[in-house]
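Just so you know, all these numbers are worked out from the coordinates, no wet-lab data involved. Just so we're clear, the structure is a prediction, and the values are computed from it rather than from any experiment. Reconstructed Cβ throughout: ideal geometry from the backbone, glycine too, with neighbour counts over all protein chains shown.
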There are 2 protein chains.
Amino acid sequence: MAKGEYLGEFEQIVLLALIRLADNAYGMTIRQEIEKRTGRYVSIGAVYATLDRLEKKGYVDSWLADPTAERGGRAKRYFELLPAGSSAIQRSKEMLTSMWEGLDVDGDLTPQT
Amino acid sequence: MAKGEYLGEFEQIVLLALIRLADNAYGMTIRQEIEKRTGRYVSIGAVYATLDRLEKKGYVDSWLADPTAERGGRAKRYFELLPAGSSAIQRSKEMLTSMWEGLDVDGDLTPQT
DNA sequence: GCATTTTCTCTATTATGTAGAACCTGGACC
DNA sequence: GGTCCAGGTTCTACATAATAGAGAAAATGC
């Protein structure tokens with residue numbers, strides 16, 4: 001398989017968080033969104049490393065905004081989904097869906113006929 | 001990460017394939033099941049490496065069956081899901097589901113209110 | 001100035017994903 | 001009974017993804 005053909009587990013999560021946040025997606029909010037929705041602890045380094053990878057693959061892009069007039073208002077690096085990212089996350093979903101199909105009736109995890 | 005706290009992307013797929021195959025889950029059939037359902041090429045080494053890891057984590061177990069009297073009838077190593085594996089895959093699903101919630105209306109990937 | 005806040009960058013390490021060659025074992029064939 | 005074939009597994013090596021956390025920037029408040 002070619003390298004990076006499929007999104008990793010955390011890459012999927014980060015991409016979805018970014019999508020949810022629409023025009024307010026940057027490192028800190030992405031981290032918060034993931035923690036809020038999944039309850040999973042996320043280190044900030046993990047988020048940025050993943051975002052960088054997604055950007056390198058052409059799934060998202062980012063730009064530095066102007067600093068805002070608040071305490072600690074350092075310039076934020078915003079992210080947005082690119083079309084390739086949209087396809088990638090759809091593909092990931094379809095793959096998992098096809099594997100789950102027909103399982104999980106009443107949480108039973110026994111293949112149903 | 002706390003080591004191995006979450007299932008990787010391919011780990012999820014392998015686990016689901018194994019579940020689907022019920023009492024006929026061994027290396028070759030698992031590989032086939034994944035290729036059949038997802039269309040994704042899977043090397044046999046990838047499958048076994050992943051199965052070994054899942055076993056080490058206590059998510060599945062395996063045993064060697066007796067060789068069968070067929071051409072190429074080498075003893076097969078069968079796999080089965082353990083309760084911890086069942087929980088793990090459920091958790092993975094819930095995590096992704098919570099991230100997808102409300103998205104993907106008509107494949108649109110724009111957060112819906 | 002200097003402390004404090006929010007955010008981003010960088011480094012290091014472990015975990016996961018991946019391919020493929022080598023090897024094992026029985027049947028078929030002659 | 002040797003050789004090839006088919007279905008299986010093991011092993012090894014390397015590439016990519018996940019993760020934590022310390023440190024550096026940049027802005028405000030006093």
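Observations on the structure shown:
- Pseudo-label separations to other copies for B:Tyr48 - Cα-to-Cβ vector, 7 Å, nm: 4.1
- Counting from the shortest, the label point at B:Ala69, 7 Å from Cα toward Cβ, is 8.9 nm from the same position in each remaining copy.
- Structure remark: mean-square fluctuation, Gaussian network model of chain B, C-alpha springs under 10 Å; the largest value among B:Ile13, B:Ile34, B:Ile44 belongs to B:Ile44.
- Per residue, the average separation of C-alpha pairs within less than 8 Å and at least 6 apart gives chain A a relative contact order of 25 percent.
- Whole-Å distance, taken between Cα centres, linking the range B:1-51 and the range B:70-104: 8 Å
- Listed values for the range A:103-112 are Karplus-derived 3J(HN,Hα) couplings in whole Hz (6.51 cos²θ - 1.76 cosθ + 1.60, θ = phi - 60°), namely 8, 6, 7, 6, x, 7, 6, 10, x, 9, and x replaces Gly and Pro.
- Farthest toward the positive end of the dipole of the protein assembly as shown, out of A:Met95, B:Leu81, A:Ala46, is the Cα of A:Ala46, where the dipole comes from beta carbon charges about the Cα centre.
- Think of the axis that spins chain B onto A; the B residue whose C-beta lies nearest it, and the distance in whole Å, is B:Glu9, 2.
- Taking each DSSP H run with n ≥ 4 as -39500 (n - 2.57) and averaging over every residue of chain A yields -16000 deg cm²/dmol at 222 nm.
- Size descriptor, Kirkwood hydrodynamic radius, that averages inverse alpha-carbon separations across the protein assembly as shown, Å: 19.2 Å
- In degrees, nearest ten, helix A:83-100 long axis to first principal axis of chain A (Cα): 30 degrees
- Theoretical gain in end-to-end length, B:Asp23 to B:Thr110 [0.36 nm per residue, Cα-Cα removed]: 27.2 nm
- Estimated inter-spin distance, B:Glu35 and B:Glu70, nm [label 7 Å along Cα→Cβ]: 1.6 nm
- Between identical copies, the spacing of A:Gln90 label points, each set 7 Å from Cα toward the C-beta atom, reads 3.3 nm from nearest to farthest.
- Members of A:Lys93/B:Lys93; B:Lys36/B:Lys76; A:Lys36/B:Lys93 lying beyond 18 Å, as alpha-carbon distances in this model show: B:Lys36/B:Lys76
- Residue-wise HN-Hα couplings along the range B:44-54, as the Karplus relation 6.51 cos²θ - 1.76 cosθ + 1.60 with θ = phi - 60° gives them from phi, are 5, x, 4, 5, 5, 4, 5, 4, 4, 5, 5 Hz; Gly and Pro carry x.
- Candidates B:Ser62, B:Ser92, B:Ser43, ranked by Gaussian network fluctuation over chain B, Cα under 10 Å, top entry: B:Ser43
- 24 Å tail of the calculated P(r), chain B, as % of Cα pairs: 35 percent
- Ignoring aspartates and glutamates fewer than eight residues from A:Lys56 along the same chain, the ones with Cα atoms less than 19 angstrom from its Cα are A:Glu5, A:Glu9, A:Glu11, A:Glu80.
- In sequence order, the range B:25-36 has phi-based couplings of 8, 9, x, 5, 6, 5, 4, 4, 4, 5, 5, 5 Hz under the Karplus curve 6.51 cos²θ - 1.76 cosθ + 1.60, θ = phi - 60°, and Gly or Pro positions carry x.
- For the range A:41-106: relative contact order, % (alpha-carbon pairs under 8 angstrom, 6 or more apart): 24 percent
- A Gaussian network model of chain A, with springs between Cα atoms under 10 Å, assigns the largest mean-square fluctuation among A:Gly85, A:Gly58, A:Gly102 to A:Gly102.
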